[in-house]
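Some notes on the structure that comes next.
The values are calculated or read from the model by the stated rules, or taken from the named source; none is laboratory data. Nothing here was measured: the structure is a model prediction, and the numbers come from that model. Just so you know, the surface numbers come from the protein's heavy atoms only, side chains and all, with ligands and any DNA or RNA stripped out. Shrake-Rupley method; radii C 1.70, N 1.55, O 1.52, S 1.80 Å.
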Amino acid sequence: QVQLVESGGGLVQAGGSLRLSCAASGSIDSINVMGWYRQAPGQQRELVATITSGDSSMYADSTRGRFTISRDNVKNTVDLQMNGLKPEDTAVYYCYLNAKVFAAFYAFDYWGQGTHVTVSS
């Protein structure tokens with residue numbers, strides 16, 4: 001019912017930048033929150049940043065000031081601009097969506113397949 005397609009991961013040196021993009025499609029009635037989470041090897045999935053339909057954003061302490069999240073409510077896309085990347089930012093980054101589809105009474109969480117980000121020292 002909902003598809004999330006991520007792009008923009010890759011390999012970058014410490015101090016470099018990457019931009020992740022995620023496009024949501026399907027039978028979407030309304031989107032509450034879009035965002036990004038990440039999971040490093042052997043670690044639990046953690047919040048990177050989220051943004052509401054009203055453009056209220058939230059960041060993890062580790063990403064605040066270096067990462068910027070933005071969304072396009074018309075295109076149903078969410079981007080993550082990552083600057084000043086550190087080796088500890090290496091992880092699989094997952095696009096996240098809390099949305100209501102037309103056939104549902106409630107909103108549900110949806111996840112993308114993940115895109116790899118590797119930061120070399």
(message) If you count only protein heavy atoms and use a 1.4 Å probe, how large is the accessible surface of LYS86, to the nearest 10 Å²?
(response) 80 Å²
(request) Express in nm, to one decimal, how much length is gained between TRP111 and GLU88 on full extension, taking 0.36 nm for each residue of separation and deducting their alpha carbon distance. (result) 6.0 nm
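Mind jotting down a quarter of the surface of the convex hull over the alpha carbons of the stretch 43-96, in square nanometres, one decimal?
Values: hull surface 16.0 nm².
Mean orientational projected area (the stretch 43-96, Cα hull): 4.0 nm².
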(request) Work out from phi, with θ = phi - 60° and the Karplus expression 6.51 cos²θ - 1.76 cosθ + 1.60, the ³J(HN,Hα) of each residue of the stretch 21-34, listed in order in whole Hz, and give x for Gly and Pro. (result) 10, 9, 10, 9, 9, x, 8, 8, 8, 7, 10, 8, 9, 10
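From the gyration tensor of the Cα coordinates in the chain, what semi-axes in whole Å does the equivalent ellipsoid have, largest first, with each one equal to sqrt(5λ)? If you can, show how the numbers build up before the last one.
Values: eigenvalues 132, 37, 30 Å².
Each semi-axis is the square root of five times an eigenvalue, giving 26, 14, 12 Å.
Return the inverse of the average 1/r over all pairs of distinct C-alpha atoms in the stretch 14-74, which is the Kirkwood hydrodynamic radius, in Å to one decimal. Present the calculation step by step, with values, prior to reporting the outcome.
Numbers: mean 1/r = 0.0759 Å⁻¹.
When all Cα pairs of the stretch 14-74 are included, the Kirkwood radius is 13.2 Å.
Per residue, how much accessible area does the stretch 29-121 have with a 1.4 Å probe, in Å²? Could you put the intermediate results ahead of the total?
Details: 4990 Å² over 93 residues.
Result: 54 Å² per residue.
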(request) Report in % the part of the accessible area of the chain that belongs to carbon and sulfur, leaving out ligands and nucleic acids; probe 1.4 Å. (result) 49 percent
